[in-house]
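The next block holds one structure in the form of structure tokens; read it before the comments.
The values are calculated or read from the model by the stated rules, or taken from the named source; none is laboratory data. On a predicted model such as this, the values are computed, not experimentally measured, just so you know. Counting neighbours? That spans all protein chains shown, and the Cβs are built from the backbone with ideal geometry, glycine included. Accessible surface areas use protein heavy atoms only, side chains included; no ligands, DNA or RNA. Shrake-Rupley method; radii C 1.70, N 1.55, O 1.52, S 1.80 Å.
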Amino acid sequence: MTSQVRGVQLARLLGQWHALPGRRRSPDYAALAAAVRGLLADGRLPLGVRLPAERELAEALRISRTTVTAAYRQLRETGHLASRRGAGSWTMLPGTHRVASTGLWTPLDDRDMIDLGVAALAAPPELVPAAHAAVEDLPRYLSGAGYHPTGIIELREAVARAYTARGLPTSAEQIMVTSGTQHALDLVLRLALAPGGNVLVESPTYPNALAALAARRARISTHGLAVDGPGWDADLLLGSVRQTRPKLAYLIPEFQNPTGHLMPAELRERLVATAHAAGTDLVIDESFVDLPLDGTPLPPPTAVFDRHSRVISIGGMSKPYWGGLRIGWVRASAPQVQRLAAARVGVDMASPVLDQLVAVHLLAQAPAIVAARRDQLVTQRDALLDVLAERLPDWRVEVPRGGVTLWAELDGPISSALSRAAEEVGVRLAPGPRFGLDGTLERFLRLPFTLPAADLVEAVGRLAAIRYDLDRGAGRPRWREPAVIA
Ligand SMILES: Cc1ncc(COP(=O)(O)O)c(C=O)c1O
């Protein structure tokens with residue numbers, strides 16, 4: 001069944017459409033069409049929804065029907081709207097875009113694109129030797145069926161040792177290997193959250209976590225992070241937990257994606273106590289825990305303060321090692337791990353043995369690999385900061401003490417407009433609103449420093465050029481597909 005967006009809903013989504021940057025000389029209908037394309041571009045208006053009738057939208061926006069008619073006509077011409085007389089108009093994409101059946105937007109391969117939508121490093125040089133070594137190990141597993149729903153024991157032991165080394169004693173029974181951190185989150189949500197349950201998340205937060213929550217039809221409330229300082233406001237965060245008593249809170253305390261914030265030890269301790277009193281389970285995403293930069297000391301893991309199995313930690317290989325491995329894990333109590341494994345059997349049975357063996361070999365070299373990753377990230381982060389200061393000095397950035405992303409405060413609410421224009425000059429961006437729920441965050445842009453410094457410098461040069469054009473209202477950018485964000 002086609003869903004419909006009502007006039008007042010679309011008006012709310014459109015917000016300040018008439019005041020978008022770069023529209024000074026464009027007529028109202030063109031600005032309205034551009035704003036609708038913007039909503040499609042950053043995923044806030046889904047594909048295939050029926051737009052309100054022209055009269056209804058005109059009333060909701062308090063503009064003339066002729067303006068809406070002209071805007072819809074333009075959207076039809078650009079391939080963003082399909083209409084059938086008497087039946088209405090549906091959002092769609094121009095023919096050059098393909099959309100997976102899941103509704104995931106899949107960008108066409110474009111080798112010349114500098115992709116700043118994905119915050120992940122290329123594989124380290126140790127990966128191929130680790131893969132060879134894993135093949136050598138494989139015969140040890142070939143006499144069995146190969147299904148290990150909680151993971152192969154040597155990887156579980158290696159992950160458990162890493163937690164123990166961080167000051168959180170952990171046994172292999174408390175580890176379940178998954179196919180990536182995202183898979184870990186999805187499984188935990190299946191286990192810990194009934195459909196429609198209420199969940200607290202940070203704002204901004206990791207977009208694919210929001211997608212996983214949406215799949216559980218979670219009712220989501222947010223804790224707004226400050227751009228500067230520690231990010232989390234302790235009183236507000238703990239107050240929200242006490243008042244809303246969410247079933248679950250999903251937080252990224254180490255070098256939060258996208259802001260890069262690091263939650264102090266004291267707040268971790270208070271958070272765990274407050275969550276326990278409120279009956280809230282904490283899902284702690286430690287994706288970036290291996291990546292403190294500049295020698296930043298790490299607070300104890302959040303689960304250190306947990307005495308009641310309230311904290312489920314998730315993490316994985318993607319950020320320090322390689323996303324293409326698809327290896328992640330859950331750390332929970334042994335009974336929780338058993339329940340997760342039972343849930344998992346109905347999903348994907350188990351993770352590939354060979355990939356787990358590669359992970360074992362990489363973890364055995366963790367100190368050297370991770371040290372090199374940190375050096376690389378510091379060089380790239382500093383190159384990005386330098387070129388931003390030089391080319392876009394009005395953008396405000398805090399220097400992140402770890403992780404792989406900057407959260408830039410722009411010089412206006414231009415994030416989606418900039419992202420659309422950036423596609424035209426071969427730079428793919430993840431605009432601020434993708435990291436929130438309510439279409440706000442237009443003043444922000446996540447900039448990962450995972451690409452080589454030369455690419456980052458080139459990308460910022462291109463952004464600086466189009467930033468200037470946006471102000472001058474130069475040529476309406478041809479809309480391209482939004483990025484897969486990771
Ligand atoms: C906070 C966070 N969680 C989860 C993931 C997904 O990680 P994985 O590739 O291990 O599924 C990412 C990747 O960007 C992330 O930033």
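Of LEU357, LEU385, all but one fail to be closer than 25 Å to LEU441 by Cβ, in a helix (DSSP H, G or I) and not charged (D, E, K, R); the exception is LEU385. Figure legend. Inter-residue proximity from the stretch 244-258: first residues open to solvent by 10 Å² or more (accessible area, probe 1.4 Å) and more than 10 Å from the ligand (Cβ to nearest atom), second residues assigned to a loop (DSSP other than H, G, I, E, B) and of a type in the set (A, V, I, L, M), beta-carbon distance below 7 Å, spacing 6+ or different chains. Indicated pairs: LYS247/LEU193. Of all the residues in the stretch 289-306, those that are out of contact with any strand residue (DSSP E or B) (no Cβ under 6 Å at 6 or more places or on another chain) and either assigned to a strand (DSSP E or B) or in contact (Cβ under 8 Å) with a residue 24 or more places away in the chain (or both) number 9. Residue check, ALA368 against (1) over 14 Å from ILE153 (Cα atoms); (2) part of a loop (DSSP other than H, G, I, E, B), all met but one. Which one? If we test ALA368 against (1) over 14 Å from ILE153 (Cα atoms); (2) part of a loop (DSSP other than H, G, I, E, B), just (2) comes out false.
Contact map, the stretch 344-357: first residue charged (D, E, K, R), second residue open to solvent by 60 Å² or more (accessible area, probe 1.4 Å), Cβ cut-off under 7 Å, separation 6 or more or different chains; pairs are ASP355/ARG326.
Residues of the stretch 301-323 include at least one that is under 22 Å from GLY260 (Cα atoms) and surrounded by fewer than 19 Cβ atoms within 10 Å (Cβ to Cβ). Scanning the stretch 149-170 for residues that are part of a helix (DSSP H, G or I), open to solvent by 60 Å² or more (accessible area, probe 1.4 Å) and either touching a strand residue (DSSP E or B) at 6+ places or on another chain (Cβ under 8 Å) or not polar (S, T, N, Q) (or both) yields ILE153, GLU157, ARG161, ALA165. Taking PRO335, is it crowded, with 24+ Cβ neighbours inside 10 Å, away from the ligand (no atom under 16 Å from the Cβ), farther than 26 Å from PRO400 by Cβ and without any contact (Cβ under 8 Å) to a residue 60 or more places away in the chain? No, not satisfied. Does the stretch 415-424 include one or more residues that are part of a loop (DSSP other than H, G, I, E, B) and either under 17 Å from ASP115 (Cα atoms) or of a type in the set (Gly, Ala, Ser) (or both)? No: the stretch 415-424 contains no residue that is part of a loop (DSSP other than H, G, I, E, B) and either under 17 Å from ASP115 (Cα atoms) or of a type in the set (Gly, Ala, Ser) (or both).
ILE284 meets each of the listed conditions (1) part of a helix (DSSP H, G or I); (2) free of Cβ contacts under 8 Å to residues at least 40 places away in the same chain; (3) of a type in the set (Val, Ile, Thr) apart from (1). The residues listed here are ARG65, ARG37; of these, the one that is on the phi < 0 side of the Ramachandran plot, surrounded by fewer than 16 Cβ atoms within 10 Å (Cβ to Cβ) and either in contact with an Asp or Glu (Cβ under 9 Å, 6 or more places away or on another chain) or among the basic types (Lys, Arg) (or both) is ARG65.
Suppose the filter is at pLDDT 95 or above, more than 16 Å from the ligand (Cβ to nearest atom), surrounded by 15 or more Cβ atoms within 10 Å (Cβ to Cβ) and under 21 Å from GLY151 (Cα atoms); does LEU362 pass it? Answer is no for this residue. Hey, does the stretch 70-88 have a residue that's open to solvent by 70 Å² or more (accessible area, probe 1.4 Å) and at positive phi? Yes, the stretch 70-88 contains a residue that is open to solvent by 70 Å² or more (accessible area, probe 1.4 Å) and at positive phi. Before we move on, is GLY146 within 16 Å of the ligand (Cβ to nearest atom), assigned to a loop (DSSP other than H, G, I, E, B) and on the phi > 0 side of the Ramachandran plot? Answer is no for this residue.
Per-residue answers, yes or no, for (1) among the β-branched types (Val, Ile, Thr); (2) at pLDDT below 95; (3) closer than 28 Å to GLY15 by Cα; (4) surrounded by 23 or more Cβ atoms within 10 Å (Cβ to Cβ):
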{"position": "ARG373", "(1), (2), (3), (4)": "no, no, no, no"}
{"position": "ASP382", "(1), (2), (3), (4)": "no, no, no, no"}
{"position": "ASP394", "(1), (2), (3), (4)": "no, no, yes, no"}
{"position": "ARG420", "(1), (2), (3), (4)": "no, yes, yes, yes"}
{"position": "GLU424", "(1), (2), (3), (4)": "no, yes, yes, no"}
{"position": "LEU447", "(1), (2), (3), (4)": "no, no, yes, yes"}
{"position": "PRO452", "(1), (2), (3), (4)": "no, no, no, no"}
{"position": "LEU456", "(1), (2), (3), (4)": "no, no, no, yes"}
{"position": "ALA465", "(1), (2), (3), (4)": "no, yes, yes, no"}
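Out of the residues in the stretch 111-131 that are in contact with a His (Cβ under 9 Å, 6 or more places away or on another chain) and of a type outside the set (A, V, I, L, M), which is farthest from LYS319 (Cα to Cα)? Among them, the one singled out is PRO129. Here GLY412 fulfils each of the conditions (1) touching a Lys or Arg at 6+ places or on another chain (Cβ under 8 Å); (2) part of a helix (DSSP H, G or I) apart from (2). The conditions of being under 15 Å from the mean Cα position of the chain (by Cα), of a type outside the set (A, V, I, L, M) and either modelled with pLDDT of 95 or more or within 12 Å of the ligand (Cβ to nearest atom) (or both) are not met by THR274. Residues in the stretch 312-321 that are within 9 Å of the ligand (Cβ to nearest atom) and assigned to a loop (DSSP other than H, G, I, E, B): MET317, SER318, LYS319. Of all residues in the stretch 171-205, those being in contact with a strand residue (DSSP E or B) (Cβ under 6 Å, 6 or more places away or on another chain), of a type in the set (A, V, I, L, M, F, W, C) and more than 9 Å from the ligand (Cβ to nearest atom) number 9.
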